[in-house]
């Protein structure tokens, strides 16, 4: 049976220390709450959690004021940040290295790799471009409305909600559930 250790601490350094110490007794996974009582450093709290080796993080996305408030905009931003940290945590993938070397041989001196088969096959998955972080210069950002990350997060959440389609439930299952609910309501009331 796998052993899961809770290695939450008030500081990132203590969290990392606890997580590393948990490795020795054979712990197979750790559960870490971000140390939200500590002001985030330059990289933020999640960087410390990632560097501690956490593979399961509870209570992170959208949390504000030590979980006293929830922000949908912050949720969207945090999820995007966690996707980037997930990619970072996986480490580099060298499984396609032979193909990349072949691409180097394929492209003649003075040409570019943009049209090579290797580039075309990998361009959509090789990079991660966050949609809520703005990479424009100040002038371009201002010309496009000057939306900050919170405004972009709100817009993303609104789009997600407007695009949401409720999954269809099989009619027989829905009927059985409604019958169950009606029966339980009668039993509870009666």
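The values are calculated or read from the model by the stated rules, or taken from the named source; none is laboratory data. Just so we're clear, the structure is a prediction, and the values are computed from it rather than from any experiment. No Cβ is skipped: glycine too gets one built from the backbone with ideal geometry, and neighbour counts run over all protein chains shown.
Test residue 166 against the stated conditions and say whether it is in a helix (DSSP H, G or I) and not assigned by the TED database to the domain that holds residue 70. Let's see the steps before the verdict.
On the way: in a helix (DSSP H, G or I): no; not assigned by the TED database to the domain that holds residue 70: yes.
Against the criterion (in a helix (DSSP H, G or I) and not assigned by the TED database to the domain that holds residue 70), residue 166 does not qualify.
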Going through the range 6-22 in order, the residues found to be under 10 Å from residue 49 (Cβ atoms) and modelled with pLDDT of 80 or more are 16, 19
Some residue of the range 98-111 being without any contact (Cβ under 8 Å) to a residue 60 or more places away in the chain and under 18 Å from the mean Cα position of the chain (by Cα) = no
If you go through the range 164-175 one residue at a time, do you hit one that is under 30 Å from residue 74 (Cβ atoms), exposed (fewer than 10 other Cβ atoms within 10 Å of the Cβ) and under 21 Å from the mean Cα position of the chain (by Cα)?
-> yes
Quick check: is even one residue across the range 105-128 touching a helix residue (DSSP H, G or I) at 6+ places or on another chain (Cβ under 7 Å), at pLDDT below 90 and closer than 30 Å to residue 62 by Cβ?
-> yes
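What about residue 43, is it at pLDDT 75 or above and under 27 Å from residue 156 (Cβ atoms)?
Numbers: at pLDDT 75 or above: no; under 27 Å from residue 156 (Cβ atoms): yes.
The answer is no for residue 43.
For the range 23-40, how many residues meet the condition of being in a loop (DSSP other than H, G, I, E, B), surrounded by 14 or more Cβ atoms within 10 Å (Cβ to Cβ) and modelled with pLDDT under 75? Before the answer, list the steps.
Applying the first criterion (in a loop (DSSP other than H, G, I, E, B)) to the range 23-40 yields 24-28, 33-40.
Subsequent filtering for residues that are surrounded by 14 or more Cβ atoms within 10 Å (Cβ to Cβ) retains 27, 33-36, 38, 40.
When the remaining residues are screened for being modelled with pLDDT under 75, the result is 33-36, 38, 40.
Number satisfying all stated conditions: 6.
Can you spot a residue in the range 158-178 that is within 25 Å of residue 62 (Cα to Cα) and either in contact (Cβ under 8 Å) with a residue 12 or more places away in the chain or touching a strand residue (DSSP E or B) at 6+ places or on another chain (Cβ under 8 Å) (or both)?
From the range 158-178, those within 25 Å of residue 62 (Cα to Cα) are 158-167; that's our starting set.
Subsequent filtering for residues that are either in contact (Cβ under 8 Å) with a residue 12 or more places away in the chain or touching a strand residue (DSSP E or B) at 6+ places or on another chain (Cβ under 8 Å) (or both) retains 160.
Yes: the range 158-178 contains one or more residues that are within 25 Å of residue 62 (Cα to Cα) and either in contact (Cβ under 8 Å) with a residue 12 or more places away in the chain or touching a strand residue (DSSP E or B) at 6+ places or on another chain (Cβ under 8 Å) (or both).
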